[in-house]
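Remarks on the structure that follows.
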Amino acid sequence: METIPQTLLAVILAWAAGTKLLAREDFGAWLAPYAIPAPLRAPLSLCLVLTELAVAGLLFADVRGAPVAALGLGFLFVSALASVRLRGVRRLRCGCFGGKERSTAFLLLRALAFTGLAAIAALGLPPLPGRDTAVLAALVLLSVSVVALGVLVLALYRQVGILSLRLGPGVALELEEEGPPVGAVAPTLDDLTRRGAELVAFFTADCRLCRELAPGVRALAREGLPVRIVYEEEEPEAFERWRVPGTPFAVHVVNGAVAAKGTVNSLEQLDGLIAVGSARADGAAA
């Protein structure tokens, strides 16, 4: 079993050394982020390439102790990459496998994977755990997962609350060119009393949002707010007179004048529209 990771290590080291040798025009330039003086970069690069080739040859020859040498190279790679990462270097060009610039986090993970493979080749695979040990490990893992999931849910709940506070209450989309002008006398409409506060809701039969808002609008009527629902299929002339751009559209009328208007997509927006209209009416009366 140990021969498989050993062979993989040999291939990886030979490949890494070969790609370094092919980059002759800037040989050793990849050592610059490690704070190595320029005159020493080429000699040290050559030493690294020869070491990688030597360890790869020993691994192919199945020489005793070769996986330990590969493990030592892995520790060297991890230590070097961790040092540049701690110094704030987020991307660098590695001489291995083509010399492309990559993130130091990716390179560090790759070095850790190589080191882990070398450890398996050097120490062998650990024995399989017994049934009781496996069950205990699974229970511990599940417990940790449940705790982590609970923490994530609480964090998400907190973020949703913060977002709701930042967004504030929903308001209807009120555009000057849509609907009757705010402050003007409301256009003619049957059953509009023009006394006190009234709500005119414009719906269409095939509108999903209209069907969702209809129960809430009827609830407002039961609470005492006079409500007039206008369906386009039944009163298309009213849609033209009130300049309704689309549905659902609502107009808050106070004493016969338009206090607020807008396209509404939720009961929260409808409540906000009524609140704006009431505030405007109270301001005008004062």
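Going by a 4.7 Å Cβ-Cβ cut-off, which cysteines of the chain have no partner at all?
Isolated Cys, the chain: CYS47, CYS94, CYS96.
Along the positive direction of the dipole of the chain (beta-carbon charges: Lys, Arg +1; Asp, Glu -1; about the Cα centre), which of GLY262, LEU81, LEU71 reaches farthest?
Value computed over the given set: LEU71.
Can you give the charge dipole size of segment 3-123 about its Cα centre, rounded to the nearest 20 debye, using +1 on the beta carbon of Lys and Arg and -1 on the beta carbon of Asp and Glu?
420 debye
Name the residue farthest towards the positive end of the dipole of segment 197-285 from the options ALA275, VAL253, LEU225, assuming +1 on Cβ of Lys and Arg, -1 on Cβ of Asp and Glu, about the Cα centre.
Farthest towards the positive end: ALA275.
Just one of (i) 53, 48, 41; (ii) 87, 52, 44; (iii) 100, 57, 39 is Cα extents along the principal axes in Å as worked out from the coordinates here. Which one is it?
Evaluating Cα extents along the principal axes in Å on these atoms matches (iii).
With +1 assigned to the C-beta of every Lys and Arg and -1 to the C-beta of every Asp and Glu, and no other charges, what is the dipole magnitude of segment 197-285 about the Cα centre in debye, to the nearest 20?
200 debye
List LEU53, LEU13 from most exposed to least, where exposure is judged by having the fewest other Cβ atoms within 10 Å.
Ascending number of Cβ neighbours within 10 Å: LEU53, LEU13.
Given +1 on the Cβ of Lys and Arg, -1 on the Cβ of Asp and Glu, and no further charges, what dipole in debye does the chain carry about its Cα centre, rounded to the nearest 20?
Value, rounded to 20: 1940 debye.
Students often check this: by mean Cβ neighbours within 10 Å, which of 271-282, 31-42, 203-214 ranks highest, and how do the rest follow?
271-282, 203-214, 31-42
5 Å is the cut-off here: which amide hydrogens, built 1.01 Å from N in the peptide plane, fall below it relative to LYS261, excluding neighbours closer than 5 in sequence?
HIS252
Of the beta bridges DSSP finds with both residues in the chain, what % are antiparallel, to the nearest 5?
If I count the DSSP bridges inside the chain, around 75 percent turn out antiparallel.
Find the centroid of the Cα atoms in segment 227-261 and in segment 67-105, then give the distance between the two in whole Å.
About 68 Å separates the Cα centre of segment 227-261 from the one of segment 67-105.
Can you name the helices of the chain, as whole DSSP H runs, whose Cα span along the helix axis is 24 Å or more and whose Kyte-Doolittle mean is not below 0.5?
Sorted by number, the helices that extend far enough and score high enough are 3-22, 38-60, 66-86, 104-123, 131-167.
What order, most packed first, do the peptides 254-264, 68-78, 186-196 have when packing is the mean number of other Cβ atoms within 10 Å of each residue?
254-264, 68-78, 186-196
Taking other Cβ within 10 Å of each residue's Cβ, how do GLU177, GLU240 sort, fewest first?
Sorted ascending by nearby Cβ count, the order is GLU177, GLU240.
Using Cβ contacts closer than 10 Å as the measure, can you line up SER143, SER83, SER45 from fewest to most?
SER143, SER83, SER45
What are the ³J(HN,Hα) couplings of segment 183-189, residue after residue, when phi is run through the Karplus curve with 6.51, -1.76, 1.60 and θ = phi - 60°? Round to Hz, x for glycine and proline.
Whole-Hz 3J(HN,Hα) from phi for segment 183-189: x, 7, 5, 5, x, 5, 6.
A short reminder: the numbers here are calculations on the coordinates, not readings from a lab. If you're wondering where the values come from, they're calculated on a predicted model, not measured in any experiment. Ideal geometry is used to build each Cβ from the backbone, glycine not excepted, and the neighbour counts take in all protein chains shown.
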